[in-house]
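The structure appears right after this line, and notes come after that.
The values are calculated or read from the model by the stated rules, or taken from the named source; none is laboratory data. Since this is a predicted model, take the numbers as computed values, not measurements. Neighbour counts run over all protein chains shown; Cβ positions are idealised from the backbone, glycine included. Note: areas computed on protein heavy atoms with side chains; ligands, DNA, RNA excluded. Shrake-Rupley method; radii C 1.70, N 1.55, O 1.52, S 1.80 Å.
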Number of protein chains: 2
Amino acid sequence: MLNDVFKALSDPTRRKILDLLKEKDLTAGEISNHFNMSKPSISQHLKLLKNAQLVHDEKKGQYIFYSLNTTVFHDIVSWAFRFYEKK
Amino acid sequence: MLNDVFKALSDPTRRKILDLLKEKDLTAGEISNHFNMSKPSISQHLKLLKNAQLVHDEKKGQYIFYSLNTTVFHDIVSWAFRFYEKK
DNA sequence: TAAGTATTTAGTTATTTACTTAAATATTAG
DNA sequence: CTAATATTTAAGTAAATAACTAAATACTTA
């Protein structure tokens, strides 16, 4: 649902996580190393991003790799684009 | 700032206001008639949308007309587009 | 199997958000 | 000038959010 997407995007930490994942896939631990914030807090943010389908996670052994799920970004572009189309 | 924009977009009432303004410019009162919510609440939402530069307001007599400010939507598209460009 | 590492879940708390009603401001019309 | 209309500002409140620490889960390795 688009509401979850916009809610997810409304937090700067979560948008920064997306920026990091744009460069390459990362584990939860690697992601949390980029922030002055506890691992559980980052874990919660990741959960929200996942629920909004903005990221995907894949378990590999004891690590969980996170990656961007680009499909939802298309929806965002479509949403925003409607507002500056000529009527 | 992009943060204000995403915060503004994170609420469904505010997104619906943008949808209404996409069709035509409206006064604060006309906007609030579309919602089961007090006028002051809508006024607060409009203030947030204005701070995020998503809408523009113009006073005409005792009325205030609100209209879309399409420029920021370009920024949203640019932001989202970066995430599905080929590297 | 026991210890260590990676990550999440649970429980708590302070802050922010979205609403309400009441009061204030500004414009128009009699 | 007074009353009516349009809108915002102020003050208060319940619910949601974002953070923390402690505990639980899952995998790996000695």
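Think of chain A as having a plus end and a minus end, set by charges on the Cβ of Lys, Arg, Asp and Glu; of A:V5, A:L18, A:I42, A:V5 sits farthest toward the positive end of this dipole.
Ligands, DNA and RNA are left out, and with a 1.4 angstrom probe the accessible area of chain A is 59 Å² per residue. Which residue fluctuates the most in chain A, going by a Gaussian network model with Cα springs under 10 Å, if the choices are A:N51, A:N36, A:N69? Maximum among the listed residues: A:N36. A:E58 exposes around 90 Å² of accessible area when a 1.4 Å probe is run over every protein chain in place. Debye calculation, C-alpha points only, no solvent: report log10 I(q)/I(0) for the protein assembly as shown at q = 0.08, 0.09, 0.10, 0.14 Å⁻¹, in the same order as the q values. These q points yield log10 I(q)/I(0) values of -0.30, -0.37, -0.45, -0.78. Note on surface exposure: A:T70, B:T71 rank B:T71, A:T70 by accessible area, highest first, 1.4 Å probe. In terms of overall dimensions, the C-alpha atoms belonging to the stretch A:2-84 reach 44, 24, 21 Å along their principal axes, ordered largest to smallest.
The modelled label-to-label distance for the pair A:S78/B:H74, using points 7 Å beyond Cα in the direction of Cβ, is 2.4 nm. A simple rule links phi to the HN-Hα coupling: the Karplus curve 6.51 cos²θ - 1.76 cosθ + 1.60 with θ = phi - 60°, which for the stretch A:35-51 gives 10, 8, 7, 5, 4, x, 5, 4, 4, 5, 4, 5, 4, 5, 5, 5, 4 Hz, with x for Gly and Pro. The share of accessible area on the stretch A:2-84 that comes from carbon and sulfur is 48 percent, using a 1.4 angstrom probe. Once ligands and nucleic acids are excluded and a 1.4 Å probe is used, how much of A:M37 is accessible, expressed in Å² to the nearest 10? A:M37 exposes around 70 Å² with every protein chain in place.
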